[in-house]
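Have a look at the structure below, then the notes.
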Amino acid sequence: MRCTLCPRQCGADREKGERGYCGMPAELYVARAALHPFEEPPISGTRGSGTVFFSGCSLRCVFCQNSAIRGPESGRPMTVEQLGELFLALEGEGAHNINLVTPTHYADRVAAALALVRGRLHIPVVFNCGGYERVETLRLLEGLVDVYLPDFKYISPQMAREYSAAADYATYATAALAEMVRQTGPVRFDADGMMTAGVMVRHLVLPGGRKDSAAVLDRIAATVPVADVRLSLMRQYTPDFLPADGPRFIRRRVTSFEYDSVMEHAVALGFTGYFQTKESVGTAYTPDFSERVFPGM
Ligand code: SF4
């Protein structure tokens, strides 16, 4: 069957081993699964988020921090049943939630694995994605995902084309955000402040991207009720992962002026959420993919 899971709709016959733009065949490959302490506080909590990093990505941004896990060679193949068992093992290790990182190109298999463990998994499921999603694919996850953690990266088609080869990014991200909020309803937290349902939108401020960042915030506010979502405004961009021939405009870090002006705009629009400190810039928050961790396997 020709794959149309993501907006690329590149039509690769993954069941026959063909790899699409995302770089992956139909078989599941997981690069790392472990408790992760560096997500937002209501996701990581005190014990860590049960992150499952999938190999491959349908977006492949030029500045990606996780480009080391773009292909099957970076991961461990597993069946849908094994993925379900992995979720249960992470819960057994004390994870606050199951955090599916870059899962879009495996959305059908992830939905199948979640359906298998439904009733046995007692922690929230987080779909942590690039925001470049098809509504039709998100509907496979309805009732299986509790928390959506999408990026909303750009409004500008030029930026989206140059950095992610996806000029139509904003159109898909807007429809996806509306669908996510429709599925989960307003954001909710438990007595310990852990997020149990809803949508938290991440936006990474880019060098020279201050005005587009403001446009992203305006678009979110025009699409969903600001009070119903949380915003995670990130300043951790680093050019350390840019290839030598990558765009020169973003070959620097974000200045305090750039980040602060976007933050002020967010506050003026009524967003609440999480604002990163200057100390978060750099590579310290990037998981070590050379260390393969698979609880229970
Ligand atoms: S998920 Fe991969 S194979 Fe499927 S349409 Fe997107 S890029 Fe193509």
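For this structure, a couple of remarks:
- Some residue of region 104-121 being surrounded by 18 or more Cβ atoms within 10 Å (Cβ to Cβ), within 16 Å of the ligand (Cβ to nearest atom) and within 29 Å of Pro207 (Cα to Cα): yes
- Failed criterion for Gly94 (all others in (1) over 30 Å from Ala191 (Cα atoms); (2) away from the ligand (no atom under 16 Å from the Cβ); (3) of a type in the set (Gly, Ala, Ser); (4) part of a loop (DSSP other than H, G, I, E, B) hold): (1)
- Matching residues in region 167-179 - criterion: being out of contact with any Gly (no Cβ under 9 Å at 6 or more places or on another chain) and aliphatic (A, V, I, L, M): Ala167, Ala170, Ala175, Ala178
- Residues within region 110-150 that are in contact with a Pro (Cβ under 9 Å, 6 or more places away or on another chain) and of a type in the set (Lys, Arg), tallied: 1
- For the criterion of being surrounded by fewer than 24 Cβ atoms within 10 Å (Cβ to Cβ) and either of a type outside the set (Ser, Thr, Tyr) or within 14 Å of Tyr106 (Cα to Cα) (or both), Cys57 fails.
- Filter pass, Arg120 being over 24 Å from Tyr274 (Cα atoms), basic (Lys, Arg) and in a helix (DSSP H, G or I): no
- Of the strands (runs of 3 or more DSSP E) lying entirely inside region 1-78, those containing at least 1 residues that are within 16 Å of the ligand (Cβ to nearest atom) are 28-36, 49-54.
- Scanning region 223-241 for residues that are touching a helix residue (DSSP H, G or I) at 6+ places or on another chain (Cβ under 9 Å) and within 15 Å of Gly270 (Cβ to Cβ) turns up Thr223, Val224, Pro225, Val226, Asp228, Val229, Arg230, Leu231, Leu233.
- Where His96 falls short, out of the listed (1) at pLDDT below 95; (2) farther than 30 Å from Met159 by Cβ; (3) buried (at least 24 other Cβ atoms within 10 Å of the Cβ): (1)
- Residue among Gly75, Gly50, Gly71, Gly84 that alone is modelled with pLDDT of 95 or more, among the small types (Gly, Ala, Ser) and more than 17 Å from the chain's Cα centre (by Cα): Gly84
- Within region 234-261, being of a type outside the set (D, E, K, R) and in a helix (DSSP H, G or I) holds for Pro239, Phe241, Phe249, Ile250, Ser256, Phe257, Tyr259, Ser261.
- Checking Asn99 against (1) within 16 Å of the ligand (Cβ to nearest atom); (2) more than 21 Å from Gln9 (Cβ to Cβ), the condition it does not meet: (1)
The values are calculated or read from the model by the stated rules, or taken from the named source; none is laboratory data. All values reported here derive from a predicted model rather than from experimental measurement. All Cβ positions, glycine included, derive from the backbone under ideal geometry; neighbour counts span all protein chains shown.
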